[in-house]
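Just below is one structure, and these are the notes that go with it.
Only the coordinates and a few stated rules stand behind these numbers; no lab work does. The structure presented is a predicted model; accordingly, all values stated were derived computationally and were not measured. All Cβ positions, glycine included, derive from the backbone under ideal geometry; neighbour counts span all protein chains shown.
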Amino acid sequence: MDSNYKTTKKNRFKFITPNWLTPPQVKAYTTTRYGGYSHPPYDGFNLADHVGDDAKTVAENRVALSQALNLPNKPIWLKQIHGNQVVTANIDNSHCAADAAFTTMPGHICVILTADCLPVLFCDRAGSRVAAAHAGWRGLANGILETTLQRLNVSPQEILVWLGPAIGSQAFEVGDEVRNCFIDFLPQAEEAFKPSRENHWLADIHKLARQRLTHQGVTAIYGGDYCTYTDAEQFYSYRRDKVTGRMASLIWLEE
C-alpha cells in the first residue's frame with residue numbers, strides 16, 4: 001500500500017482515504033468494489049445508474065454509501081460528459097451535464113464516478129472550499145483541471161490536489177491523435193507517453209494531470225499510484241471489462 005493512501009473499513013465496505021495533510025473539516029473518500037448489492041458484471045458496490053445495472057440495486061448501494069460514511073446530505077451526482085463544465089454542488093445542479101463540482105458550503109457533497117478515468121479531488125489549505133473533477137484523457141485535454149482551479153478562485157499555491165485510482169500507464173494505450181493534442185498544449189507532455197506499437201503509445205494519465213496542474217502553479221499534489229485496470233478485485237475498469245460498474249470519489253466540508 002502506497003504511503004499516500006490509507007484504507008478505511010466501515011462494516012463490509014472498503015474505502016480509500018486520501019492522506020494529504022488537509023484541515024480536519026475536509027472529508028474525502030474513494031469507494032472500491034467491496035460491499036454493495038450489485039450482481040455480475042457490476043459486482044458489488046456499483047454507484048452508477050447509467051451503466052445497465054438494476055436501478056433499484058444502484059439506489060440501495062447509494063443508500064448504503066450514505067449510511068457507511070454518515071454523509072450529511074445526498075451527494076450531487078452529475079451527468080459526466082468528458083467536458084470542462086464545473087458546477088456548484090447544490091441540489092439544483094444534481095444530474096446536470098458537467099464533469100466537476102465545487103463548494104464552499106459545509107455539508108454539500110461533491111462526487112464523481114470513474115472506472116479508468118482519473119478522479120481528482122481539490123481543497124484549499126484553509127479548508128474553506130473543495131472540488132471533485134472527472135478527468136479522462138478528453139477531460140484533461142479539454143481543460144477540466146484548469147477550469148476547476150479557476151472556480152476555486154484561490155492562489156494555486158493554496159490548493160491541495162489528490163489523484164485517485166485510474167488506469168495505469170502499462171495498460172492505457174492511445175493513438176497519435178491523443179498524444180499530439182497533449183504535446184501541442186504542453187511540450188513536456190511527451191514524457192508521459194511511451195511507444196507501444198506503430199502509431200500507438202502507452203499514456204501515463206497521472207503524469208499528464210500532474211503536468212497540467214504544475215503548469216497552473218499547483219505544488220501540493222498527492223496520490224496517483226493505484227491502477228484500476230490491473231486490480232480487478234478492488235476496482236472497476238471499463239477498458240478491461242467493457243460492461244462494468246463505477247467507483248465514486250467524494251469530498252465535502254464538515255460543519
request  = Starting from the Kirkwood radius over alpha-carbon pairs of region 106-255, derive D by Stokes-Einstein at 37 °C in a medium of 0.692 mPa s and give it in µm² s⁻¹.
outcome  = 208 µm²/s
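Divide by every residue of the chain the summed helix terms, -39500 (n - 2.57) for each DSSP H run of at least 4, and state the resulting mean residue ellipticity at 222 nm, rounded to the nearest 500 deg cm²/dmol.
-6000 deg cm²/dmol
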key: Simple Cβ-charge dipole of the chain, Lys/Arg +1 and Asp/Glu -1, about Cα centre, in debye nearest 20   = 540 debye
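For a quick check: sort LEU253, LEU202 by the number of other beta carbons within 10 angstrom, fewest at the front.
Values: LEU253 22, LEU202 17.
Placing the least packed residue first, the sequence is LEU202, LEU253.
So what's the projected area for the chain, the Cα convex hull averaged over all directions, in nm²?
Values: hull surface 50.0 nm².
The Cα convex hull of the chain, projected and averaged over all directions, gives 12.5 nm².
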key: Charge dipole (the chain, unit charges on Cβ, about Cα centre) - positive-most of SER66, CYS117, ILE205   = SER66
remark   = Listed with the fewest Cβ neighbours within 10 Å leading, ASP53, ASP241, ASP184 appear as ASP184, ASP241, ASP53
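Placing unit charges on C-beta atoms (Lys and Arg positive, Asp and Glu negative, everything else neutral), compute the dipole magnitude of region 22-73 about its Cα centre in debye, rounded to 20. Display every interim value, and only then the final one.
Values: 4 positive and 5 negative charges, 47 e Å.
Taking the Cα centre of region 22-73 as origin, the dipole is about 220 debye.
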3J(HN,Hα) from dihedral phi, region 14-28, Karplus parametrisation 6.51/-1.76/1.60, rounded to Hz, x for glycine, proline = 10, 10, 9, 10, x, 10, 9, 6, 8, x, x, 6, 8, 10, 8
note = Among PHE102, LEU250, LEU149, the residue whose Cα sits farthest towards the positive end of the charge dipole of the chain, when +1 is placed on the Cβ of each Lys and Arg and -1 on the Cβ of each Asp and Glu, is LEU250
message = Sorting check: for 85-97, 205-217, which peptide has the highest mean count of neighbouring beta carbons within 10 Å, and how do the rest follow?
response = 205-217, 85-97
